[in-house]
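Peer 1: Right, I'll just put the structure down here and ask away after.
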Amino acid sequence: MSFLSNTKGVDSMNKMMSDKRVITLYILPSLLLIMILVYIPIVMTGYYSLMKWDGIGSMKFIALDNYQELIKDTMFWKSVYHSFLLAVFSVISLAGYLIISLVLSGKIKGANLLRKIYLIPMLLSSVAIAQLWLRIYHPSNGMLNHFLMFLGMEDPPNWLADPSIALYAIFVPIIWQYAGFYILIYYAALKNIPSSIIEAAIIDGANPWQLAYKIKLPLIAGVIKVTIVLAVVGSLKYFDLIYVMTGGGPNGASEVIASYMYQKAFRSFNFGYGSTIAFALLLLCVIATWVIRKFTHSDEEIQY
Amino acid sequence: MFKKAYSLLCIAVLVVALALTGCSSSTKEGASSETGSKDKKVTITFMHLWTAGSSKQHNMIVNDIIKEFEKQNPNVTVKQEILENEQYKNKLKVLAASNELPDVGMTWAAGFLEPYVKGNLFAPLDDVLDSGLKDQFVSGTTEAYAVNNKTYALPLELNITPVYYNKEIFGKYHLDVPKTYEDFKNVVQTLVKNGVAPIALGNKDRWTGSMWYMYLADRIGGADTLKNAINGSGTFEDPSLIKAAEEIQNLVKMKAFIKGFNGLSNDEAKAEFTNEKAAMYLMGTWDLPQFTTNEDIPKEFRNKVGFFKFPVVEGGKGNIDSWVGGPGVGLFVSENSKAKEEAKKFVKFFIEKWGEQSVTKAGVIPATKVDTSNINLPQMYIDVLNELNKASNITLFADVQMNPEAAQTHLNLIQSLFGEGVTPKDFAKQHQEVLSKTQ
């Protein structure tokens, strides 16, 4: 009886789904939401980027003047360089996360506990992380410098105040912050590999290195590609820790694209130019994604 | 058939409901009141930034004043909206863009106010000033809110910036309060030699370093050189302004400022001073409660704090009674307010009452004159108020004087100057460029 009514339900479902109007109706709400929350603001940003506008008064159309200024703006290119540097470091750190997940997904004791420990930074809010690391980096009574002085260092570095190291000092918490997230993704992907494949390899005499390198990695290649895109795009639009910890300073040494955009729009009251930077950031992200997809693209999708 | 139509209808209703909840905007909020004859009920919206949490005393005074005002004007209700500083600034911007400013709100002087005035969003308040309020203000305070000779907001606070110092540390090394810049440098040298950080400075916030530069510019070039350079009648490449920048870098080389000052926020730097790890701290009088009445800070420390005026530079044109400072927040009335008359009345009432209560109850020095003879205040307040009466000049904070674009360049250059990332010559040149570009 129940079987019968079930097929009937599926039938009417199929009938309904073949009706184009119904499909439209189903898609419409999410389409509207996406339009209102994502695409229309993007178009508006593009529109504002053609204006001279202080965010309050009237707008003046100046065509591509903002973009011309952007191309000549050395501070902007410096921030682009910093953002890409962050992207490079993030991608390199992915390799580390991968190794950790490989170890965790092997049958070691306490893997579950370790996995949770790695996940903790992700559960903290960015501002809390920033406050924590501000304490660690504090030049005179921070943990790090206390430790260095304990080791006998006379004049430990001013981590966030020295333009030559501020950027790298700030990369550490950023990369630390996302460790749990990527480890979780890799861990889940590795756990998804059917044990039959692994067992077959072991029977064939593969050692742990071969197992990891020749069997596991190729099987999760799809996931790795996705994480690379996530890491690069996430780095390019990165904002929060930098805003709280250095505000882009000192002397713009840790300015990234998003923090520079914020400076221009909300500090200098130059919304037109801020929108131009935002739009350039969007273009950079799109291009970066496209390039990564292109380079990592492979025709055969591994299936198991 | 019926069933299908029914389910379609259901879906359609769902979609519409979703879309509506997504788009519904709060149309109620901005609406303030009907224009009113006297008996009609009028509501004034008042947006400010003194939350009950972080500015308890301020908040209490505001509530008292509003209660009193409503008692005297039974037809008027004042509705408050309170936001934290940063949120307040952002919300004000958004409201301005959609033309829904509150009837009365808070603004900052000069550069902050200008875009709003140009957008015709603030109402001129000269009529309020002329109705007897003008004489109550300390002279020169309302000018900071004037654009083209019309005053668009009335100040509530007035601050000057003394150099606070730790008397115990000074005593320990037999140091006297420096009267001249040479003395000052000797004090710095002695402290450095003894391993004490001389000056707490949190230059991540940048305006903190700007005050040091402004004082040196004032003492070397006189009160008007910097002002004129900023308003365009002079030049920033004036030798005295370059000299002031050189002196800043000399102080940095002497290690006058705490370690890592360019990466520390003002709050972190203040903590160094209150923890007695640094001997001096240049800051506005808004911090006076922390050194006098604030019970959260140990009394032993509060008793150790004194202040002195920024020393004179030999051969410089500035005098010791010239201060860096200026009015803080002021009240504006929205040009598009539907209850403008009532709003102006409220502003006037508020300014008067605030002037009477703010020093004694919240430790805020109001922009209106204070009679020190018959109120009970900590000695440091009385000293500061007396200094204010003697002041020969008050130079408004440079980043407030400039328009937002130039102000940002100025602040960034200050950080570079302190970090020795720019030479004094380039420092002046880049200022001149941005100032002449944005004039």
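The values are calculated or read from the model by the stated rules, or taken from the named source; none is laboratory data. Given the structure is predicted, the values throughout are model-derived calculations rather than measurements. Cβ atoms come from the backbone with ideal geometry, glycine included; neighbour counts cover every protein chain shown.
Peer 1: Go through (1) over 25 Å from A:A253 (Cα atoms); (2) buried (at least 16 other Cβ atoms within 10 Å of the Cβ); (3) touching a Ser or Thr at 6+ places or on another chain (Cβ under 7 Å) one by one and return the number of the condition B:Y173 breaks.
Peer 2: Evaluating B:Y173 over (1) over 25 Å from A:A253 (Cα atoms); (2) buried (at least 16 other Cβ atoms within 10 Å of the Cβ); (3) touching a Ser or Thr at 6+ places or on another chain (Cβ under 7 Å) leaves (2) as the failure.
Peer 1: Just to be sure, is B:E114 assigned to a helix (DSSP H, G or I), closer than 18 Å to B:P327 by Cα and either not aromatic (F, W, Y) or not assigned by TED's automatic domain parsing to the domain that holds B:K345 (or both)?
Peer 2: yes
Peer 1: Tally the residues that are farther than 30 Å from B:K227 by Cβ, hydroxyl-bearing (S, T, Y) and in contact with a helix residue (DSSP H, G or I) (Cβ under 7 Å, 6 or more places away or on another chain), restricting the search to region B:288-329.
Peer 2: Total satisfying the criteria: 1.
Peer 1: Could you tell me which numbered condition A:I224 fails, if it satisfies all but one of (1) within 14 Å of another protein chain (Cβ to nearest Cβ); (2) touching a Leu at 6+ places or on another chain (Cβ under 9 Å)?
Peer 2: A:I224 satisfies every listed condition except (1).
Peer 1: Give just the number: which of (1) within 13 Å of chain B (Cβ to nearest Cβ); (2) at pLDDT 90 or above; (3) in contact with a Gly (Cβ under 9 Å, 6 or more places away or on another chain) does A:F266 not satisfy?
Peer 2: With respect to (1) within 13 Å of chain B (Cβ to nearest Cβ); (2) at pLDDT 90 or above; (3) in contact with a Gly (Cβ under 9 Å, 6 or more places away or on another chain), A:F266 is out only on (2).
Peer 1: Right, something else. Would you mention how many residues in region B:417-435 are under 19 Å from B:A256 (Cβ atoms) and assigned to a helix (DSSP H, G or I)?
Peer 2: Qualifying residue count for the region: 4.
Peer 1: Does B:F291 satisfy the criteria of being in contact (Cβ under 8 Å) with a residue 24 or more places away in the chain, crowded, with 19+ Cβ neighbours inside 10 Å and at negative phi?
Peer 2: The answer is yes for B:F291.
Peer 1: If you don't mind, there's one more thing I want to ask. For A:I136, indicate whether it is more than 12 Å from chain B (Cβ to nearest Cβ) and farther than 22 Å from B:L264 by Cβ.
Peer 2: Taking the combined requirement at face value, the residue does not satisfy it.
Peer 1: Then there's this: Only one residue in A:L32, A:L119, A:L114 is among the aliphatic types (A, V, I, L, M), more than 14 Å from chain B (Cβ to nearest Cβ) and without any contact (Cβ under 8 Å) to a residue 12 or more places away in the chain, so which one is that?
Peer 2: Result: A:L114 is the single residue among A:L32, A:L119, A:L114 that is among the aliphatic types (A, V, I, L, M), more than 14 Å from chain B (Cβ to nearest Cβ) and without any contact (Cβ under 8 Å) to a residue 12 or more places away in the chain.
Peer 1: Among the residues of region A:22-59, count how many are outside any helix (DSSP H, G or I), surrounded by 12 or more Cβ atoms within 10 Å (Cβ to Cβ) and of a type outside the set (A, V, I, L, M, F, W, C).
Peer 2: Residues in region A:22-59 being outside any helix (DSSP H, G or I), surrounded by 12 or more Cβ atoms within 10 Å (Cβ to Cβ) and of a type outside the set (A, V, I, L, M, F, W, C): 5 in total.
Peer 1: Let me ask something additional. Considering only residues that are part of a helix (DSSP H, G or I) and in contact with a strand residue (DSSP E or B) (Cβ under 6 Å, 6 or more places away or on another chain), which ones fall in region B:130-181?
Peer 2: Matches in region B:130-181: B:Q136, B:T142, B:A144, B:Y145, B:K167, B:I169.
Peer 1: Can you pull out the residues in region B:330-375 that are in a strand (DSSP E or B), of a type outside the set (F, W, Y) and within 14 Å of B:L125 (Cα to Cα)?
Peer 2: Hits for region B:330-375 are B:G330, B:L331, B:V333, B:S334.
Peer 1: Across region A:177-211, which residue is surrounded by the most Cβ atoms within 10 Å (Cβ to Cβ) among those that are closer than 30 Å to A:V127 by Cβ and among the aliphatic types (A, V, I, L, M)?
Peer 2: Filtering region A:177-211 for residues that are closer than 30 Å to A:V127 by Cβ and among the aliphatic types (A, V, I, L, M), the one surrounded by the most Cβ atoms within 10 Å (Cβ to Cβ) comes out as A:I183.
Peer 1: B:D321 is checked against (1) surrounded by 19 or more Cβ atoms within 10 Å (Cβ to Cβ); (2) modelled with pLDDT of 90 or more; (3) farther than 16 Å from B:M380 by Cβ; (4) of a type outside the set (A, V, I, L, M, F, W, C) and fails just one. What number does that condition carry?
Peer 2: The one condition B:D321 does not meet is (1).
Peer 1: Of the residues A:N145, A:N66, which is crowded, with 17+ Cβ neighbours inside 10 Å, within 14 Å of another protein chain (Cβ to nearest Cβ) and in contact (Cβ under 8 Å) with a residue 60 or more places away in the chain?
Peer 2: None of the other options fit; the residue is A:N66.
Peer 1: Restricting the first residue to region B:230-251 and requiring it to be of a type in the set (D, E), which pairs with a second residue that is surrounded by fewer than 21 Cβ atoms within 10 Å (Cβ to Cβ) meet a Cβ separation below 6 Å and a spacing of at least six or different chains?
Peer 2: Matching pairs, first to second residue: B:E237/B:Q432; B:E246/B:P424.
Peer 1: Farther than 30 Å from A:S105 by Cβ, part of a helix (DSSP H, G or I) and more than 14 Å from chain B (Cβ to nearest Cβ): does that describe A:A258?
Peer 2: Answer is yes for this residue.
Peer 1: Would you mind telling me which numbered condition in (1) without any contact (Cβ under 8 Å) to a residue 24 or more places away in the chain; (2) more than 30 Å from A:L190 (Cα to Cα); (3) away from every other protein chain (no Cβ under 14 Å); (4) not basic (K, R) A:I99 fails?
Peer 2: With (1) without any contact (Cβ under 8 Å) to a residue 24 or more places away in the chain; (2) more than 30 Å from A:L190 (Cα to Cα); (3) away from every other protein chain (no Cβ under 14 Å); (4) not basic (K, R) applied to A:I99, the lone miss is (2).
Peer 1: Count, please, the residues in region B:138-191 that happen to be of a type outside the set (F, W, Y), more than 18 Å from B:K255 (Cβ to Cβ) and within 27 Å of the chain's Cα centre (by Cα).
Peer 2: Matching residues across region B:138-191 total 23.
Peer 1: Go through region B:376-416 residue by residue and tally those that are out of contact with any strand residue (DSSP E or B) (no Cβ under 6 Å at 6 or more places or on another chain), surrounded by 22 or more Cβ atoms within 10 Å (Cβ to Cβ) and part of a loop (DSSP other than H, G, I, E, B).
Peer 2: 1
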